[in-house]
1. At least 2 residues that are within 16 Å of the ligand (Cβ to nearest atom) in each: list the helices (runs of 4 or more DSSP H) lying fully within segment 327-419 that qualify.
2. Considering segment 4-17 alone, what residues qualify as being in contact with a Pro (Cβ under 9 Å, 6 or more places away or on another chain) and either in a strand (DSSP E or B) or within 16 Å of the ligand (Cβ to nearest atom) (or both)?
3. Please identify the pairs in which a residue from segment 220-244 that is on the phi < 0 side of the Ramachandran plot has its Cβ atom under 8 Å from the Cβ atom of a residue that is of a type in the set (Phe, Trp, Tyr) and within 15 Å of the ligand (Cβ to nearest atom), counting only partners at least 6 apart or on another chain.
4. Within the set of pairs 6 or more residues apart or between chains, which connect a residue that is farther than 15 Å from residue 278 by Cα inside segment 18-31 to a residue that is away from the ligand (no atom under 11 Å from the Cβ) and part of a helix (DSSP H, G or I) with Cβ atoms less than 6 Å apart?
5. Picking from 31, 38, 49, which residue would you name as being under 21 Å from residue 263 (Cα atoms), surrounded by 18 or more Cβ atoms within 10 Å (Cβ to Cβ), within 14 Å of the ligand (Cβ to nearest atom) and not basic (Lys, Arg)?
6. Any residue in segment 203-217 that's within 17 Å of residue 304 (Cβ to Cβ) and near the ligand (Cβ under 9 Å from one of its atoms): show its pairings with residues that are of a type in the set (Gly, Ala, Ser) and in a loop (DSSP other than H, G, I, E, B) at Cβ separation under 6 Å, as long as the two are six or more apart or on different chains.
7. Could you list, ordered by first residue, the pairs with Cβ atoms under 6 Å in which the first is in segment 369-388 and more than 23 Å from residue 27 (Cα to Cα) and the second is at pLDDT 95 or above and more than 16 Å from the ligand (Cβ to nearest atom), at least 6 apart or interchain?
8. Looking only at segment 100-139, count every residue that is part of a loop (DSSP other than H, G, I, E, B) and more than 18 Å from residue 171 (Cα to Cα) and tell me the total.
Amino acid sequence: MKRVDDFRLQLGSHELVPIVVGGMGVDISTAELALEAARLGGIGHISDALITDVADRRFDTSFVKEKTKFYKLNIDNADKSSVKFDLGHVAEATRLHVGRTMEAKRGSGLIFVNCMEKLTMNGPAETLRVRLASALDAGIDGITLSAGLHLGSFSLIADHPRFRDAKLGIIVSSLRALQLFIRKNARLERLPDYVVVEGPLAGGHLGFGLDWAQYDLRTIVREIAAWLEQEQLDIPLIAAGGIFTGTDAVSFLEDGARAVQVATRFTVTHECGLPDDVKQEYFRANEEDIEVNTISPTGYPMRMLKSSPAIGSGIRPGCESYGYLLDAKGQCAYIDAYNREVALHPGSRDIHVWDKTCLCTHMRNFKCWTCGHYTYRLKDTSHRLTDGSYQLLTAEHVFRDYQFSTDHRIALPEVLEEA
Ligand SMILES: Cc1cc2nc3c(=O)[nH]c(=O)nc-3n(C[C@H](O)[C@H](O)[C@H](O)COP(=O)(O)O)c2cc1C
């Protein structure tokens, strides 16, 4: 019986353990988590979601404070079109986060940054160009473009000196999305170095509608693998979404995938950026505690714990501080939903907004508990302690369990609790 360790992912000159820890914003897939994946010979992702805030917390900068101060007078204004990012700040924050992570890298693996294109930042093209170029400047090994994939993104950095040497990949959930991207980029003569195929059981935003349950990762992986072969395109395919055991992973590696991208099992590790009490929420979750809803202002369905404090919260939009979801015209669906509720409840201090959420603020504060479908199985991956909590895992333990397990077995950690 094969193990994941019997396979290798070849990316250019790099021979890697075919395990990719997926990007989880905002700083849920921390540098510490990504560094462990790289040290163990796989690929780890950091994320550039809310990069100015992440830099402030990690490096003692004050980008968010400065932005808030600059736009203070706009806070009660429904029109956010004037709230722009300082591109110099975005560049500096990205260079700090990426640069420090790369300096700390050990081992033979790689570190990529996950760039969600739905973070349109009231200026989609110019902000994305700065995010991508600064990550390349700071030495990132690769960039994974996700959520809201824009067909012209590669061309934004086509003149960057590292455009052909850094690894560039995309996340798609259908063959059609991949075909469109490849067609649109044909003139750049620069194919993606890898394609993550994300199915409907993943965490974060989904590339499916509310009919997500009718799709299945294996069918999509087979379809895309067959098309790549037919077109003689040698682009490694990385399967993602609901791969919970090493045996699940092996079945995809035998089915045309060259690696797997996993995330949910790492949400309960020490290195994950979620606060410890939230990690316990993930451990405790049962299947009926998880839903796919449409509260994300991005328009994409998102999977999360039903108990997420973000659901129903009616906080004032935080665009003057964050504003990562403002579109090219300075609009965000949460602003409209919030203003509607304020107008319906004049004078009320207790506003609830159920249809949308202020995703920037709530992700920043770890109040939107997005998670993969199999979060309810996390309790089977550790020990329950005498106080009723679960023992956190190390990223190394989870990584190696994916790498070496057989027969759907999940290795439990050594018990740390004293008798
Ligand atoms: C807590 C959490 C946050 C996530 N955030 C992002 C994100 O910011 N960007 C992204 O492209 N994918 C995100 N994802 C998706 C993962 O990178 C990954 O592709 C997917 O969850 C893999 O499936 P699994 O969680 O079942 O292993 C997130 C997943 C989780 C669990």
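The values are calculated or read from the model by the stated rules, or taken from the named source; none is laboratory data. Model, not experiment: these values are computed from the prediction. Neighbour counts are summed over all protein chains in view; Cβ atoms, including those assigned to glycine, are modelled from backbone coordinates with ideal geometry.
1. Because the criterion is at least 2 residues that are within 16 Å of the ligand (Cβ to nearest atom), the helices (runs of 4 or more DSSP H) in segment 327-419 that meet it are 359-364, 395-404.
2. Hits for segment 4-17 are 4, 9, 10, 11.
3. 221/252; 235/194; 236/194; 237/194; 238/194; 239/252; 243/252; 244/374
4. 21/37; 31/101
5. One residue alone meets the criteria, 49.
6. 203/263; 203/372; 205/147
7. Sorted first by the residue in segment 369-388, then by its partner, the pairs are 382/390; 382/391; 383/391; 384/390; 385/391.
8. Selection size over segment 100-139: 11.
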